[in-house]
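For reference, the structure discussed in these notes is given below.
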Amino acid sequence: MRVFCHWSHPVSVKATTRKKTVAALVIYLYAGGMTTETDFDIFLVAAPGTEIALRNEANELGFKAAKISPGGVTIRGTWGEVWRANLQLRGAARVLARIGEIRAFHLAQLDKRARKFPWRDFLRADVPVKVEVVTNKKSKIYHAGAAIQRFEKAITEELGAPISAEADVRIKVRIDDNLCIISVDTSGEGLHKRGHKPAVGKAPMRENLAAMFLRQCGYDGSEPVVDPMCGSGTFVIEAAEIAMGMIPGRSRSFAFEQLANFDDATWQKVRSEGQGAETELRFFGSDRNAGVVDAATTNAERAGVDGCTNFTHHAVSDLTRPDGPPGLVIVNPPYGGRIGNKKLLFALYGALGKTLSARFSGWRVGIVTSEPGLAKATDLPFLPTGAPVAHGGIKIRLYQTARLP
Ligand SMILES: C[S@@+](CC[C@H](N)C(=O)[O-])C[C@H]1O[C@@H](n2cnc3c(N)ncnc32)[C@H](O)[C@@H]1O
């Protein structure tokens, strides 16, 4: 058995988020007299297709040894870095802390070794837990259900923690070649839930995806953004938050707050520092559906970006270019597979392309859609397209232009 990250308070982690707001956002986690701990693997789960963008974000935020693996990015760090990853990364879907490994060739061996695992270093006896196992035929233990039962029994009987299907704290085990790799999901609810967006439209873009598409468009918070089919306002709100240097996880809670090594006093201090600064830039959303425009306005207020965002009710053909410097138009129009009739959509994409070509000279455009034919119907001069990204059971892609002539 190997255990990677024993009980200890987070130590001297210093992180800067955005250059512009360094003073406001510098975060210190301090040891409070506890001993130092060594780095371990932290896996940042990404929506497939966004791994490179997430690796780049992790590097920019100063995380160590960011390496792409299938479905995510592995970084090295202490528990302080686990907290920081949850709090600061816009592109991660969740953050898994790799806490140890158990070699097991049969269930009796797993049972014995799982009981010896130092669960109390990570889990609390009074907090419900759930275990999830992924295994395959390459391992002698290939029945996930039987392995889950052994792990859950070990945790309840050795530590006393209750097992619950609804538990916020989840132990995730991957059995590969007879090695059980044990992680704790430190996020709880997916990190796309920023905690300040109760109102969503028909087909909302996940916040972590929106952030990674903005990043792929080269968006760094220094230019205005327009979304002419804004729905619940995801792109506009993410862009405004980036410009204001707001920390994405500032309004929500995380599963790590219920782990044995959590220190609330330090965490409250850390979290209170991510409130952002003012920006001169403006961010615009519009939609032909009045209900979603109201929802986007409410969402922006709750996110604290209402001072620099503006949502209006009109169709894309009535879109006008905002005063001021050029920036980025980013939009995910309806796709045939999800809402609306594909044939009618060709006309809609055509109207979008026409409006942007006629009125947005000097602006860059990013269109996220599932259909190459629909993207083509805009007749915009797209650069080579990026990797497909899995979203709600379909594959979507970003089609982007250079500055329009
Ligand atoms: C896929 S949703 C966008 C979701 C949005 N990105 C979000 O995160 O909530 C597409 C949006 O396009 C809007 N829409 C469809 N046709 C439109 C048109 N002609 N003009 C403006 N908006 C339109 C719909 O009302 C819908 O809100």
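Here, each number is a calculation from the coordinates, and none is a lab measurement. What you are looking at is a predicted structure, and each value in this text was computed from that prediction instead of being measured. Counting neighbours? That spans all protein chains shown, and the Cβs are built from the backbone with ideal geometry, glycine included.
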> Using Cα atoms only, what is the angle between the long axis of helix 342-359 and the major principal axis of the chain, expressed in degrees (0 to 90) to the nearest 10?
Replying inline: 70
> Toward the positive end of the charge dipole of the chain, about the Cα centre and with charges on Cβ (Lys, Arg +1; Asp, Glu -1), which of T38, A390, H314 goes farthest?
Replying inline: A390
> From the phi of every residue in the range 114-119, what ³J(HN,Hα) in whole Hz does the Karplus formula 6.51 cos²θ - 1.76 cosθ + 1.60 yield, where θ is phi - 60° and glycine or proline is x?
Replying inline: 5, 5, 7, 5, x, 4
> How large is ³J(HN,Hα) for each residue in the range 158-164, as worked out from phi by the Karplus curve 6.51 cos²θ - 1.76 cosθ + 1.60 (θ = phi - 60°), to whole Hz, x for Gly and Pro?
Replying inline: 8, 9, x, 6, x, 9, 8
> Which order, highest average first, do 62-74, 146-158 follow once you tally other Cβ atoms within 10 Å for each residue and take the mean per peptide?
Replying inline: 146-158, 62-74
>> Quick query: amide H of V169 versus all other amide H atoms, modeled in the peptide plane; which residues come in under 5 Å with a sequence gap of 5 or more or a different chain?
In response: K130
> How do 388-401, 237-250 rank on mean C-beta neighbours within 10 Å, highest first?
Replying inline: 237-250, 388-401
>> Quick check on the exposure proxy: order S361, S272, S187, S139 from fewest to most C-beta atoms within 10 angstrom.
In response: S272, S361, S139, S187
> Taking 0.36 nm per intervening residue step and subtracting the Cα-Cα distance, what contour gain separates D379 from K153 on full extension?
Replying inline: 75.4 nm
> What order do you get for 86-94, 130-138, 288-296 when each peptide is scored by the mean count of other beta carbon atoms within 10 Å, highest first?
Replying inline: 86-94, 288-296, 130-138
>> Using Cα-Cα distances under 8 Å and only pairs 6 or more residues apart, what relative contact order does the chain have, in percent?
In response: 14
> Between the helical axis of 234-244 and the dominant principal axis of the chain, each derived from Cα atoms, what acute angle in degrees is found, rounded to the nearest 10?
Replying inline: 80
>> Compute the orientation-averaged projected area for the chain from the convex hull of its Cα atoms and round it to one decimal in nm².
In response: 20.1
>> Could you tell me how far the Cα centroid of the range 88-151 sits from the Cα centroid of the range 225-288, in Å?
In response: 32
> So which of K64/K269; K67/K193; K354/K376; K130/K193; K342/K376; K112/K140 end up more than 18 Å apart by C-alpha?
Replying inline: K64/K269; K67/K193; K130/K193
>> Please compute the modelled spin-label separation between A277 and A358, points set 7 Å along Cα→Cβ, answer in nm with one decimal.
In response: 4.1
> Once you sort the root eigenvalues of the Cα gyration tensor of the range 89-146 as a ≥ b ≥ c, which label holds: rounded (a/c under 1.5), prolate (a/b larger than b/c) or oblate (the other case)?
Replying inline: oblate
> Which angle between 0 and 90 degrees, to the nearest 10, do you get for helix 79-88 versus the longest principal axis of the chain when only C-alpha atoms count?
Replying inline: 20
